[in-house]
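The values are calculated or read from the model by the stated rules, or taken from the named source; none is laboratory data. Bear in mind the structure is a predicted one, so any value in this text is a computation, not a measurement. A quick note on method: Cβ atoms are made from the backbone with ideal geometry, for glycine too, and the neighbour counts reach across all protein chains shown. The accessibility values were calculated without ligands, DNA or RNA, using every heavy atom of the protein model including side chains. Shrake-Rupley method; radii C 1.70, N 1.55, O 1.52, S 1.80 Å.
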Amino acid sequence: QVQLVESGGGLVQPGGSLRLSCAASGSSLTISNWAWFRQAPGKQREFVAAIHSGGSINYPNSVKGRFTISRDNAKNTVHLQMNGLKPEDTAVYYCNALISTAISTGYVNYWGQGTQVTVSS
């Protein structure tokens, strides 16, 4: 059974920083792509960052230059360093990964349970 567990959310003042982490657990995991998404109240889930197996990285313009995604393949973990946080960054943040296991047929898309990030003074 594969699980993604996020950590690191919380309340921060505008201009502050937070570091989110997401760890994948399970047996014989091969993780292709990692990504972060977020969903604010009343809005659709939106893409925040992605890091691919070859190392390429993507951000939308809304977070480019402020957020940094990184991965630790040895620990099956992804991080999202968020600097210069704004009130509009307030949302539930979800990690996402394409994972293959010894018993799966190809790669399967998994989601974490989400972690709340609130930016407010």
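Can you say whether residue 16 is open to solvent by less than 50 Å² (accessible area, probe 1.4 Å) and either over 11 Å from the mean Cα position of the chain (by Cα) or farther than 27 Å from residue 101 by Cα (or both), as far as the supplied structure shows? The answer is yes for residue 16. Within the stretch 33-47, does at least one residue satisfy the condition of being over 11 Å from the mean Cα position of the chain (by Cα), exposed (fewer than 13 other Cβ atoms within 10 Å of the Cβ) and within 21 Å of residue 101 (Cα to Cα)? There is no residue in the stretch 33-47 that is over 11 Å from the mean Cα position of the chain (by Cα), exposed (fewer than 13 other Cβ atoms within 10 Å of the Cβ) and within 21 Å of residue 101 (Cα to Cα). Taking the criterion of being under 25 Å from residue 27 (Cβ atoms), open to solvent by 40 Å² or more (accessible area, probe 1.4 Å) and among the hydroxyl-bearing types (Ser, Thr, Tyr), the residues of the stretch 100-121 that qualify are 105, 107, 110. So in the stretch 51-65, with the set limited to residues that are in a loop (DSSP other than H, G, I, E, B) and within 14 Å of the chain's Cα centre (by Cα), which one is nearest to residue 3 (Cα to Cα)? Top of the filtered list is 52.
Please determine whether any residue of the stretch 66-85 is in a loop (DSSP other than H, G, I, E, B), open to solvent by 40 Å² or more (accessible area, probe 1.4 Å) and modelled with pLDDT of 95 or more. Scanning the stretch 66-85, I find at least one residue that is in a loop (DSSP other than H, G, I, E, B), open to solvent by 40 Å² or more (accessible area, probe 1.4 Å) and modelled with pLDDT of 95 or more, so the answer is yes. Selection within the stretch 20-32: residues that are buried (at least 16 other Cβ atoms within 10 Å of the Cβ) and without any contact (Cβ under 8 Å) to a residue 60 or more places away in the chain. The member of this set that is nearest to residue 73 (Cα to Cα) is 23.
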